[in-house]
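Enquirer: Before I ask anything, here is the structure I am working with.
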Amino acid sequence: MKQNEFPTYSEKYMSSNQYLASVIKKYQVDSGKAFTYYNFFLPQIQEWAGSDLRDVKISGSSAKGTAIRNGTDVDIFISITSATAHTLGNIYETLFNYMDAKGFKVRKQNVSLGITYNNDKIDLVPARRIDQYGREHNLYVRKLGTWRQTNIDAHISKVQGSNRINEIRLTKIWRDLNNLDFPSFYLELIVIEALSGKLYNDLANNFLTVLQYLASSFPSRLVIDPANSANRISDLLSDSEKKKIASAAQVSLAKDTWQKIVW
């Protein structure tokens, strides 16, 4: 597709936006589900953490407003006191063991534990506060056997304030339809960057811009965590994984209708 195939205010342009809006609506999630699972897991998290627990909150896509059906339904962030005697690796492993002993089907992921329950996906994200009063936390990075500093409140604020929620949702739908490994926060930052200076409420042209960015600039683009300048978000994917995303975007751009790109 070419940008000029979408006349700015024509009937064709309007129908493109309406179709893409209908796709987003199709993948809309139940906003109450996050609170249901939060309330379900809270007593168990409290039992596991004991006096080391400082806070439990809904995070990730549910908190940002970018969740879609078929993705992780709920992210629950678990804040452990900085005074704990446990290492980050031990925090991660003991939470896994606790949930496994409770009979849940638990998966070890990179910084979270994934649980499938009633056909829904819940991610538990244990983290240790850097100090007793700030919002910065260290996360255990299992694949690397190390830790990463971050601030989920800053992440939520960055995405919520971007005014790019629908474009992010649409890109996540496109990602899942193409079976791509593209971590959600990385994707969110890329969409925000790709649309810098672009109009709001211009869904079709904006999504096209995102695909063009993914097909060209994305693989070589350095992306930094807005909450920690030492954290390179773009390191979450290998060069080959980035090239796979770029290739999928190129294939989509060659399609002649939106119905062949997202559905």
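Enquirer: Would you compute, from DSSP H runs of 4+ residues alone, the mean residue ellipticity of the chain at 222 nm, taking -39500 (n - 2.57) per run and dividing by the full residue count, rounded to the nearest 500? If you can, show how the numbers build up before the last one.
Expert: Numbers: 9 runs with 113 residues, N = 263.
Rounded to the nearest 500, the figure is -13500 deg cm²/dmol.
Enquirer: Ok, one more. Hey, quick one: spin label on LYS121, modelled 7 Å out along Cα-Cβ, who in the range 167-200 has an amide N within reach, i.e. under 20 Å?
Expert: 167-191
Enquirer: Still on this model: Explain nothing, just the number: relative contact order of the range 40-86, from Cα pairs under 8 Å at least 6 residues apart, as a whole percent. Mind dumping the intermediate values first?
Expert: Working: 44 pairs, mean separation 20.2, N = 47.
43 percent.
Enquirer: Can you find, among ASN70, THR81, ALA34, the residue farthest towards the positive end of the dipole of the range 21-86? Put +1 on the C-beta of Lys and Arg, -1 on that of Asp and Glu.
Expert: Positive-end residue among those listed: ASN70.
Enquirer: Here's another thing I want to ask about it. Just to confirm, what accessible area per residue do you get for the chain at 1.4 Å probe, in whole Å²?
Expert: On the way: 12910 Å² over 263 residues.
Result: 49 Å² per residue.
Enquirer: Given the Cα-Cα distance of THR94 and SER31 and 0.36 nm per residue of separation, how much length would full extension add, in nm?
Expert: In short, 19.7 nm is gained.
Enquirer: Rounded, prolate or oblate: which fits the range 198-254 when a ≥ b ≥ c are the square roots of the eigenvalues of the alpha-carbon gyration tensor, with rounded for a/c under 1.5 and prolate only if a/b beats b/c?
Expert: On the way: a/c = 3.46, a/b = 1.31, b/c = 2.65.
Since a/c reaches 1.5 but b/c is at least a/b, the shape of the range 198-254 is classed as oblate.
Enquirer: Looking at the square roots a ≥ b ≥ c of the eigenvalues of the Cα gyration tensor of the range 134-213, which shape do they give, rounded for a/c under 1.5, prolate if a/b is larger than b/c, or oblate?
Expert: Numbers: a/c = 2.98, a/b = 1.58, b/c = 1.88.
Oblate, because a/c is 1.5 or more while a/b does not exceed b/c.
Enquirer: What do you get when you divide the Cα radius of gyration of the chain by 2.2 N^0.38 Å, with N the number of residues? List each step's numbers first, then the result.
Expert: On the way: Rg = 19.5 Å, N = 263, 2.2 N^0.38 = 18.3 Å.
The value comes to 1.07.
Enquirer: Once neighbouring chains are kept in place and the probe is 1.4 Å, which whole percent of the accessible area of the chain is contributed by carbon and sulfur? Walk me through the numbers before you get to the answer.
Expert: Values: 6100 of 12910 Å².
Carbon and sulfur atoms account for 47 percent of the accessible area of the chain.
Enquirer: About the Cα centre, and with charges only on the beta carbon of Lys, Arg (+1) and Asp, Glu (-1), how big is the dipole of the chain? Nearest 20 debye, please.
Expert: Magnitude of the dipole: close to 400 debye.
Enquirer: At a Förster radius of 25 Å, what calculated FRET efficiency corresponds to the Cβ-Cβ distance of SER51 and LYS102, to the nearest 0.05? Walk me through the numbers before you get to the answer.
Expert: Working: r = 20 Å, r/R0 = 0.80.
According to the calculation, E is roughly 0.80.
Enquirer: Tell me whether the range 111-263 comes out rounded, prolate or oblate; compute the Cα gyration tensor, take square roots of the eigenvalues as a ≥ b ≥ c, and use a/c under 1.5 as the rounded threshold. Write out the running numbers ahead of the final one.
Expert: Values: a/c = 1.79, a/b = 1.62, b/c = 1.11.
Since a/c reaches 1.5 and a/b is larger than b/c, the shape of the range 111-263 is classed as prolate.
Enquirer: Sticking with this structure for a sec: Between LEU177 and THR257, what is the label-point separation in nm under the 7 Å Cα-to-beta-carbon projection?
Expert: Result for the modelled spin labels: 1.2 nm.
Enquirer: Quick one: order GLU136, GLU167 from most to least accessible surface, probe 1.4 Å. Write down the numbers at each step before the final one.
Expert: Values: GLU136 65, GLU167 10 Å².
In descending accessible area the options line up as GLU136, GLU167.
The values are calculated or read from the model by the stated rules, or taken from the named source; none is laboratory data. These figures come from a predicted structure and were not determined experimentally. Note that we place each Cβ from the backbone using ideal geometry, even for glycine, and neighbour counts take in every protein chain shown. Heads up: the accessible areas ignore ligands, DNA and RNA and are worked out on the full protein's heavy atoms, side chains in. Shrake-Rupley method; radii C 1.70, N 1.55, O 1.52, S 1.80 Å.
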